[in-house]
Amino acid sequence: MIKIKNLNISFNKEVIYKDFSLTLKNGEKLAIIGESGKGKSTLLNVLVGFIPDFKGEVTIAGIDLNTENINEIRKITTWLPQETALNFKTVEELFFAPFQFDINKEVKPSEEEIDEIWNAFELSKDLFTKKVKEISGGQKQRIILASCILLKKPLLLLDEPTSALDQKIKKKVTDYILNKKDLTVITSTHDAYWIEKSDKVIHLK
C-alpha cells in the first residue's frame, strides 16, 4: 500500500526526516509515536499531499505521490487531523458532511451500517437530533471517526484519534478499527492500547 524511500524534510534548516524509508502492506496497521514536535503529524501531512516539497520517493497504492497524482491518492484516502474546524450546527450535519461531496455520494451508508458502527462506538441514535455544542468531545470524536470508517476507503490516516475517549470506549473503538483486515491504517498516537494492537510501531526520536 505504501512505499517510502529516502524521505527528507527540513523546515527552517531543522531536519525533520533524513533518509527515512518505510514499507507498509495492504491491511497493515502502523502506529507512529514520539514526543510532540518530532514529525508524527508531518508524515501524515506528506501522505495526504499537504507537504509537496519533500525529497525522496513516496508511492501509495502504486501511485507516485506528487502534485499531478494527489487527487487520485485522495480518492482512496481518508484523513482525520487532530484538530478539525467543522462548524456544523447539528450532529446529523456533522456525521453526513463527508457524504455530501460528489466523490463520496456513492458510498453514503445505509441505516444498517450506521446502526452497526454507532452501536460498536456506544453512540445513541438520538444524538442525531442534538446540536454539536450539546455533545461531549468524546462523542464528537467518535461520530467523526464513524463517518471516516463508513467512507470505505482503503487507506485511513488518523492523528491522535482516541485523545478524547475514556479507557473503556477507547478499547472498543481501537478494536473495531484495527480489526478491519482490508483497511490500512497509519496513526499518530500516544495511546498505549492502540500502540499495542498495531502491527508496526515507529518511534520518532
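Nothing in this text is a laboratory measurement; each read-out follows from the coordinates by a stated rule. Every value quoted in this text rests on a predicted model; they were computed, and no experiment measured them. Backbone-built Cβ (ideal geometry, glycine too); neighbour counts: all protein chains shown.
Where the centre of each part is set by its Cα atoms, how far does the range 176-194 sit from the range 57-75, in angstrom? Between the Cα centres of the range 176-194 and the range 57-75 lies a distance of 22 Å.
In percent, how large is the relative contact order of the range 2-203, given Cα pairs closer than 8 Å and 6 or more residues apart? Kindly include the intermediate steps, with their values, before the conclusion.
Values: 312 pairs, mean separation 59.6, N = 202.
Relative contact order of the range 2-203: 30 percent.
Run the dipole for the chain about the Cα centre, Lys and Arg Cβ at +1, Asp and Glu Cβ at -1, nothing else charged, and hand back the magnitude in debye, nearest 20.
Working: 31 positive and 30 negative charges, 83 e Å.
In total the dipole reaches around 400 debye.
Can you tell me the length gained on complete extension of the stretch Ile103 to Lys197, counting 0.36 nm per residue apart and subtracting the Cα distance? Can you show the working numbers first?
Working: separation 94, 0.36 × 94 = 33.84 nm, distance 3.15 nm.
Gain on extension, Ile103 to Lys197, equals 30.7 nm.
How large is the Kirkwood hydrodynamic radius of the range 97-205, in angstrom, based on all distinct alpha carbon pairs? It would help to have the intermediate numbers written out before the result.
Numbers: mean 1/r = 0.0671 Å⁻¹.
Taking every pair of different Cα atoms in the range 97-205, averaging 1/r and inverting gives 14.9 Å.
For Thr78, nonlocal amide neighbours, meaning residues 5 or more places apart or on other chains whose placed amide H falls under 5 Å from its own, are Leu155, Leu156, Leu157. Among Thr187, Ile117, His203, whose Cα sits farthest toward the positive end of the charge dipole of the range 109-205 (+1 at Cβ of Lys/Arg, -1 at Cβ of Asp/Glu, about the Cα centre)? Value: His203.
Projecting the Cα atoms of Phe88, Pro98, Leu22 onto the charge dipole of the chain, computed from C-beta unit charges around the Cα centre, puts Leu22 farthest toward the positive end. Working ranking of peptides 38-45, 5-12 by packing, defined as the average number of other Cβ atoms within 10 Å per residue, highest first, is 38-45, 5-12.
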